[in-house]
There are 2 protein chains.
Amino acid sequence: MAATIKDVADLAGVNPSTVSRVLNNAGLAVKEETRQRIMEAVRILNYKPNAVARSLRTRFTQLLGMVIPDISNPFFSILFKGAEAAASEKGFNIILGNTDDQKAREEALIQELRDRQVDGLILATAQVDGALENMSLEGYPYVFVNRRPRETAGRYVVADNIKGAKLAIDHLVALGHTRIAHISGPLYTDVGLARLEGYRLALKDHGLPFSFENVVESEHNEEAGYWSALELFRKSPEVTAIFAANDPIAIGVMTAVYERGLEIPGDISLVGYNDLPVVSKLRPPLTSVRLPLFEMGYKAAEMLIKIISGEPLEQDGIVLEPRLMVRESTARMKG
Amino acid sequence: MAATIKDVADLAGVNPSTVSRVLNNAGLAVKEETRQRIMEAVRILNYKPNAVARSLRTRFTQLLGMVIPDISNPFFSILFKGAEAAASEKGFNIILGNTDDQKAREEALIQELRDRQVDGLILATAQVDGALENMSLEGYPYVFVNRRPRETAGRYVVADNIKGAKLAIDHLVALGHTRIAHISGPLYTDVGLARLEGYRLALKDHGLPFSFENVVESEHNEEAGYWSALELFRKSPEVTAIFAANDPIAIGVMTAVYERGLEIPGDISLVGYNDLPVVSKLRPPLTSVRLPLFEMGYKAAEMLIKIISGEPLEQDGIVLEPRLMVRESTARMKG
DNA sequence: TTGAAAGCGCTACCAT
DNA sequence: ATGGTAGCGCTTTCAA
């Protein structure tokens, strides 16, 4: 049986409250000699405070909940790493829950975590609503990461998707491309919409026409990317560059391009988004927009802990800058 | 403020202990009418038991700790997913800690998790010792996954590395290769040793000579794989097939092979290990030994929960079977 | 079938 | 500077 605070108090010949004072209130009045005796007893008994008992009393668990669609996706696992790094610096740990992108699981998980009395939630998931309204209503601390809630209020840490899309298009235009297509993500998501918007704005900036002929809406995965590329070739066979809304889509596009007997970047320049580790290993290595994922996770946890601690926030949201990783899938326009 | 069991009891006009009985001991004697009244009160107040208070009383947190070197490595994140799936089925959640392969962080983390009173630990990390001895001494529940402890006692869930290596070599031999090299992992790890042993045994099975000329010891990463391949080419330029101890090593080998102006699989057949998602995207897609990672994580959590619940275990360890995913990096011997 | 009460280990308030 | 004590919310034993 592990030693309790009472054991320490008995051994040191003091009251448990004194032990607690020594251990917790660094700046509080305790005679040096008493402190010594107590620390010695702690050492002898190898005493570790019981976090559960402390939590019950203080009403803080020093535990964060993080809800993620798919931890095996490096995108999210790097977010988690960032969050964990910040949390651990402040003495917090994180309960991680994977939703497999299922809304029911997501809501159940949020409830589960709250019942466990986690001090706050980091939400990296797509759709939250019912559970969320309760949360904001009751003033429960939570922070969105990689997603900026539209309807619901809430703090967030995101990357600038409009800027990211512009980086991609600027690059392609600089290489001489004018017929640039976009395979967008789902347009019911803020991410999908923002990247499309960035694409549109960048074309406009460069005096290039925007046309829905050159846009195909896709899901955020490889297979959907493949089929969307086929559809694009049907609609607009003359494009010379494609900006894909994320890397898996871009990988699907690659397959479709090769099937058509075309070369990358010889015939088609291709840009992805997120810069997952895998894309630098592709042939050719993919040019992609990199998000500061670790930093996003870090800042989200940091922000959440500030909210929990009642520290004032300078801002409700943090928007981080993406940057373009240029690789071999993009090249100067032929001719 | 959230409702407590006392609020429910008051509303239902009963004692808190009766509420507790209704909520927890499904099979216990409670008059149907009372139960109804209580459930109604629970509903009205939207009562959720406070897990912290319950944990303090029952001495179980229904929380598992999982220690992982690097969650952004898909190898580990899939292990985690499996563990989380099993845990969540049994009403457990998992606190995940990332160690970045740093021993100090690892030990601190284990201590942290124990102080939090997690009911048990799943250890996917490389080196644990000091902290571990305490754990086994005090009968604290823990399970190793993907690693079978040598010196320390302990339950484990691993894949059969000797078998996996044999699968790789059998395949290469079947393709007509006889000069098969092995770039091994670190030989101070059980994983590295076991794969080397499988390589040696398989050669013997096929009546092929084993020689240290054809073995280079490497670290488990891409760069080390690259340098090890260079060393191999120096020692044994005539090899026609290479079995790499894991996928990152194999990727490093690829780079070295291409630099030498050789083709895969034309000149050199190459087999990796772990079958990370990325390897099917390489050019050529890599033949690799696949481990049932999700299942390993699942079984590890399941085993741990059994230990926690005091259920008897049929066995101290579970060894799962790998299988070979044949792709285009291996081909029949020329000539 | 239900109630009363103790107590898990800790902190924080109030005394002294 | 330190001790005493109440109580966080729950479960569980004992009694009725």
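Here, each number is a calculation from the coordinates, and none is a lab measurement. Remember, predicted model here, so these are calculated numbers, not experimental data. Quick reminder, even Gly has a Cβ in these numbers, built from the backbone with ideal geometry, and neighbours come from all protein chains shown.
Which semi-axes, in whole Å and largest first, does the equivalent ellipsoid of chain A have when worked out from the alpha carbon gyration tensor as the square roots of 5 times its eigenvalues?
Working: eigenvalues 541, 71, 57 Å².
Square roots of five times the eigenvalues give 52, 19, 17 Å.
Computed 3J(HN,Hα) for region B:288-302, one whole-Hz value per residue from the Karplus formula 6.51 cos²θ - 1.76 cosθ + 1.60 where θ = phi - 60°, is 8, 8, 9, 9, x, 5, 4, 4, 4, x, 4, 5, 5, 5, 4, glycine and proline marked x. Highest mobility in the GNM of chain A, judged by mean-square fluctuation with C-alpha springs under 10 Å and restricted to A:301, A:256, A:124, is found for A:256. Spatial offset of region B:280-335 relative to region A:10-25 amounts to 51 Å, using the alpha carbon center of each. Distances, shortest first, from the label point of residue A:59 to those at the same position in the other copies read 2.9 nm; the point lies 7 Å along Cα to C-beta. Residues in region A:91-106 carry Karplus couplings, in order, of x, 9, 10, 10, 8, 9, x, 9, 9, 6, 6, 9, 4, 4, 4, 4 Hz; the curve used is 6.51 cos²θ - 1.76 cosθ + 1.60 with θ = phi - 60°, and Gly or Pro positions show x.
Which of these, A:70, A:316, A:247, has the largest mean-square fluctuation under a Gaussian network model of chain A (Cα springs below 10 Å)? Most flexible of the set in this elastic network: A:316. Near residue B:159, the amide H atoms lying under 5 Å from its own belong to B:146, B:320; only residues 5 or more places off or on other chains count, and H is placed 1.01 Å from N. Hey, got a sec? Which trypsin sites (Lys or Arg not before Pro) in region B:232-335 land in a DSSP loop and have at most 15 other Cβ atoms within 10 Å? Filter output for region B:232-335: B:260, B:332, B:334. In chain A, helices alone account for a calculated mean residue ellipticity at 222 nm of -14000 deg cm²/dmol, with every DSSP H run of four or more residues adding -39,500 (n - 2.57).
Only Lys, Arg, Asp and Glu count, each charged at its Cβ (+1, +1, -1, -1), so figure out the dipole size of chain A about its Cα centre, rounded to 20 debye. Numbers along the way, then the final one.
Values: 38 positive and 43 negative charges, 175 e Å.
Here chain A has a charge dipole of around 840 debye.
Rounded to two decimals, the Cα radius of gyration of region B:5-49 over 2.2 N^0.38 Å is 0.98. Annotation for residue A:187, label-to-label distances across the other copies: 6.2 nm (shortest first, one decimal, point 7 Å from Cα along Cα→Cβ). Distances between copies at residue B:231, taken between label points 7 Å from Cα along the C-beta direction, are 5.2 nm in increasing order.
Considering only B:203, B:286, B:123, the mean-square fluctuation computed in a Gaussian network model of chain B, springs between alpha carbons under 10 angstrom, is largest for B:203.
Can you compute the charge dipole magnitude of region A:161-290 about its Cα centre, using +1 on each Lys and Arg Cβ and -1 on each Asp and Glu Cβ, nothing else charged? Give it in debye, rounded to the nearest 20. Provide the component values of the computation, followed by the final result.
On the way: 12 positive and 16 negative charges, 60 e Å.
Result for region A:161-290 is approximately 280 debye, rounded to the nearest 20.
On a per residue basis, the convex hull of the C-alpha atoms belonging to the protein assembly as shown measures out at 198 Å³. Mind checking the angle between helix A:222-235 and chain A's longest principal axis? C-alpha axes, 0 to 90 degrees, to the nearest 10. For helix A:222-235, the angle is close to 30 degrees. With a threshold of 32 Å on the Cα-Cα distance, the over-threshold entries among B:281/B:306; B:235/B:281; B:163/B:334; A:166/A:281; A:31/A:299; A:90/B:48 are B:281/B:306; A:31/A:299.
Charges at C-beta only: +1 for Lys and Arg, -1 for Asp and Glu. How large is the resulting dipole of region B:236-316 about its Cα centre, in Debye rounded to 20? Before the final figure, lay out each step's value.
Working: 6 positive and 11 negative charges, 52 e Å.
Charge dipole of region B:236-316: 260 debye, to the nearest 20.
Please report, in cubic angstrom per residue, the volume enclosed by the convex hull of the alpha-carbon atoms of region A:161-290.
Details: hull volume 11.6 nm³, N = 130.
Value for region A:161-290: 89 Å³ per residue.
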